[in-house]
Each structure stands twice: as C-alpha cells, then as structure tokens.
Amino acid sequence: MAKRLMSGNEAVARGAWEAGVAFAAGYPGTPSTEVLERLATYEEIDAHWSSNEKVAFDEGMGAALGGVRTMVTMKHVGLNVAADPFMVFPYAGTNAGFVVLVADDPGMYSSQNEQDSRYLAKVAKVPVLEPADAAEARAMAIAAFELSERFQTPVMYRTTTRLAHTRGVVEVGERSEAPRKEFSRQASQYAIPVYARFRRPELEEKLDRLREFAEEFEGNVIEEGDPKVGVVSHGIPYQYVKEVAPEATVFKLGMVYPLPKKKLKEFCARFDTVYVVEESEGFIQQEMASFGITKLIGKERFTNIGELSADLVAAGLNGTPVADDFAGEVAVLPRPPVMCAGCPHRGVFGTLKKLGLLVTGDIGCYTLGCLPPFNAMHTTFCMGASIGNATGFNKAGEERVVAVIGDSTFLHAGLPSVLSAAYNRVPTTTILLDNGTTGMTGHQEHPGTGHSLKGGPAPAVDYEALIRSLGVEHVEVVDPWDLEATERAIQAGLAHPGPAVVIARRHCNLLPEEKAKERTAYRVDPDECILCEDCFETGCPALVWQDDLPYIRDWECVGCSMCSQLCPADAIGPVEEV
C-alpha cells in the first residue's frame, strides 16, 4: 500500500472512496468542509453541496435506500438541522451503507457553541465510530460502511477539529466497488408512523446486537502497560494520554457508542482507579457508571470546556494544578479578526451604525459586524435566526430593527422566516448580503452562485423574483460600496408598512475573478487631511497611521472608495487624481 501525508478530513474522504461510496452530500461548515470537497475530486463519486444539512441528509437517505453507499457531511450544529431525519431513519434502517460524518468543534474555533454529538447518537440509537489519527480516519471510514450494512443502520462517524485538520501518514488502498442493492418497496418498513410503532422493538433488538458487536470491534483495543495505571480514552484525547503517560495501560475506544460493557467491566476490575479521559462531556464516563463500574475518575479532573491538551491531561492524571501559562508574561498585540479590505459588508455595517439600528445577525463573515469599529450587530445565534429574531423584536414593539443574513445562509435557513413575515404581514426589514459565495467556510458554491461543487454550470437563484414570490412587495438591490444609496435603501425598507428586503449585492473580493480585476488604489492627500479620523470608521485594514497621518497601503487597497465617501475634506481619492 502506498503512503501519503493527509489531513484527517482528506483521510476520511479517501476511506469513503475506497469503501465504494457512490453519492455524497452536505453543507459546508468548519471543521467538516474539506471532506465533501475532497470526495468531489473522485470521479466515481457524485458529490454536491445541498441547500442545508437536512436536505443533504434526506438526499442521502434516498440514495442509500436506493442501493448505493452514501456519505453525508456536516459540522455539529448542522446535525441539529438534520436531527429530524437522523432520529427517524434508524427505525426504518438503511439498505446500502449510510454514514453521516459529524465534526464537533471543542474550543469553538469556528462555531457558536460546543456540542457533544455522541448524545444525539444515543438518543437516535445510532452507533458511533471515532478515529484517533489520520490513518485511523481512513480505515474507520471503511469500517463504518461495513458496520452500516451489516446492521442496516445509519452510522455516525464523529471527528473533531483537531483530528480534521491534523496531518499524518496514511496507507492508502484501492477502491472496492459496492454493487447496487435493490430497494424493497415495503411500506411497512419505510412509510407512515403506525408501522414505525411496530418497528420500535426491532430497534432495541438491533441496539442489543450492536452492543454485542462492540465487544468484538477491532477498533476497541487494550494497550498493556503499567498494571497499576488504567486509562479509558478515545480519539484525540488518546493521543494526549500516550504523550504524557506512555507507561499506562490504556483501553482505546474506536466505537464510542454503544460501548463494550463486558470488556470494560473486566478491564476496570484490574485497577483500583480508572481514569476516563475524554473530550467535551463525560459521555463515556456516564455510560460506564451505568454499567455499575465504580472508582472512575473523569470529568472531576478533565474539563468539559474547550479542547483537552497534553498539559491538561497530565494534570488530571497526576491530580496536580495545570501548568502555568507563560504566554501572559509576553506582551502580544491582540489581533482580532476583521473584514477584508473593501469587504462589501463594511458599507452595510457602517450605515447600520450611523442609523443606530437594532441589528439581529446571523452566521457568516458578517458576524464580525458586532466588533469595533462598527459595533452594529446585537444578536447572533444560529443559521437563519436573524429574520425570525427581527420579527420577534418587532412584535415586542421594536420598530427600528433590521435583520442581516448572507446569501448562502439565506438559502440554507432564511427563506421560511421571510415567508412567515410575509404571510403574517410583519414589517420586518431584512438585508440580504449577497457576496456571491459561501465566504466564511472558504468560498464554496451554493444555489445562488451559478456553479456546482464539481465546477460545472448550475442555475443561479434569482433572489428578487424568489423573494417577491414569497409575498414580499418591497425588494431593492443596492451596491454596498455606495454608502448614500445603501442608507436610502435601508431607510426605505424601514418605512415600508410590510416586510421589506434590501439586497446588498457585491461579490467577495477574495473570489478569483474579483482578484483578477484591475483596481485603482486610493490615497490620502496629506496637505488636505484635517485629521478628523472619519475615514477610520470603515475599519479597513488597508488604512493605517503613518507619520501621524492616515495612510492607505496601495498594495492592500481594492479601490472601494468608502473611506473617500466619508472624508469631509475631500482629501482621499484615486491615486492618479490626488
């Protein structure tokens, strides 16, 4: 077998390809995004971005029931969106192998919450596999499909941010084609709730058989060491255990639900105390305690907040305080995230700040509008929440409230809220930030971009026609680089007696076609500058102080002119004019 250096996400995709996956779907969300992007590079796999995770899951169910091996990808909060089909699919069971890749994000590196998806798997009665490195990521993906077909069950394949983006040496193999399985048209298995009632006992029987399988699963391994030190661990935390306590006897779990009850009880009987080292919540510890296993030390010493680390695990095993963080002894300038130079969102948030509006936000690059210098976003919860939140504020008596939402997020989860506002004639004003891409997760395509995941042409949503078809009468398109026009459009939306949508349309400057455009940089005329600092209200990173004067770095300036529009002294203009 050839060896390659791969990230965990790349290795998952490789394993799925080797397992004979024919269809894959998902919605981008760090840390899961690259799995589907990599799957799309394989000619044998029909892969596409879906409008949201529930749609992807539904599509995947259909493909798996139709007889082809299927992988669906999402991050942890995406599983919440897909929770409805995730909870009911196990009742019917799958035909061909069905694996849902769920990437949790301990530490909230790119998420609005921490969440342990293992609990959702337990509620759904779905087995969970979790690799510890890139090599296992490939091998366990193959095992997940075999497990799915053996028990006719969907399988959760859980990863975390550290596993997804850490690289390792992976031995790769060849693809094994999985023949299509014929679908049996049995309404008693796949249709109407009354039949599901009869299948409920069968689900418990299947779970019992999965518990028996856990006892023999090759990914559950005992690594012998010091007979006095016993540790139960999984995934990335296992790596920390091996780093700080290489002498320990470790029960390494690759199948984290259901657990091998018999083997765990036998293992724990060998020690006076067993340490359960797991990331996020104490899921394994709680399951083991339910088996009647005592003398466990887990979340009492290993935090459930954020990521674990070698230092945290060492402190927990030794019962000592965590080592001092010496980073505080060095003065490091803070580097908060900022919108890019000329980002079209800057014009919108600068205007919202000027108007002093209450702004309900959503998930995307524009979430940075809550930070200085704008401070112009006041709520951010989950995909699509902004519009419904604005409607609620309106019902509470707040008249000057605006919802902001990106184009990809709008198509993902914003449409129902716009429809509800229109149906109920609520004067909710929404600003649709159409930057022509899924910006936050790396410029993925979506139904509004005109291109598919594999790069081919695709129909692009006509936002104006779509929104009007929902019953919204006031729809206006504006270029957010034009500050006066942006302000007029927002004011007009607020003045309209019914729901209104302002489409702020300008493509992200980081898209290749935008980068290729010739732009004229702007500069500050030092003789005309009155040091009012109004230009800094843009928050543009191309605008800095130099020699006690505002200065525009021409190599970073994209010529948006927003700083020029704010200058009361007309001291800023294109390079050739100043």
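A few comments on the model shown:
- Of all residues in the stretch 124-178 being hydroxyl-bearing (Ser, Thr, Tyr) and part of a helix (DSSP H, G or I), the one that is surrounded by the most Cβ atoms within 10 Å (Cβ to Cβ): Ser148
- Considering (1) within 18 Å of Val501 (Cβ to Cβ); (2) at pLDDT 95 or above; (3) crowded, with 19+ Cβ neighbours inside 10 Å, the lone condition that Val426 does not fulfil carries the number (3).
- Among (1) outside the structural domain of Tyr423 (by TED's automatic domain parsing); (2) surrounded by fewer than 16 Cβ atoms within 10 Å (Cβ to Cβ), the one test that Ala495 misses: (1)
- Spans of helices (runs of 4 or more DSSP H) in the stretch 26-105 with at least 2 residues over 20 Å from the mean Cα position of the chain (by Cα): 53-65, 83-92
- Contacts under 6 angstrom Cβ, first residue in the stretch 175-187 being touching a residue at least 12 places away in the same chain (Cβ under 8 Å) and closer than 28 Å to Ala2 by Cβ, partner in a loop (DSSP other than H, G, I, E, B) and of a type outside the set (Ser, Thr, Tyr), 6 or more apart: Ser176/Gly20; Glu177/Gly20; Ala178/Gly20; Ala178/Arg69
- Pairs where the first residue, in the stretch 268-297, is touching a residue at least 40 places away in the same chain (Cβ under 8 Å) and the second is among the aromatic types (Phe, Trp, Tyr) and part of a strand (DSSP E or B), C-beta under 8 Å, 6+ apart: Phe283/Tyr257
- Restricted to the stretch 541-559, and to residues there that are part of a loop (DSSP other than H, G, I, E, B) and touching a strand residue (DSSP E or B) at 6+ places or on another chain (Cβ under 8 Å), the residue that is surrounded by the most Cβ atoms within 10 Å (Cβ to Cβ) is Cys557.
- Residues satisfying the criterion are present in the stretch 378-394 (criterion: buried (at least 21 other Cβ atoms within 10 Å of the Cβ), assigned to a helix (DSSP H, G or I), under 16 Å from the mean Cα position of the chain (by Cα) and assigned by TED's automatic domain parsing to the domain that holds Leu352).
- Only one of the listed residues (Glu464, Glu476, Glu537, Glu556) is under 32 Å from the mean Cα position of the chain (by Cα), closer than 30 Å to Ser386 by Cα, not hydrophobic (A, V, I, L, M, F, W, C) and not assigned by TED's automatic domain parsing to the domain that holds Phe393. That residue is Glu537.
- Qualifying residue in the stretch 419-432 (condition: assigned by TED's automatic domain parsing to the domain that holds Ala390, within 21 Å of the chain's Cα centre (by Cα) and within 16 Å of Ser386 (Cβ to Cβ)): yes
The values are calculated or read from the model by the stated rules, or taken from the named source; none is laboratory data. All values derive from a computational prediction rather than experimental measurement. Neighbour counts run over all protein chains shown; Cβ positions are idealised from the backbone, glycine included.
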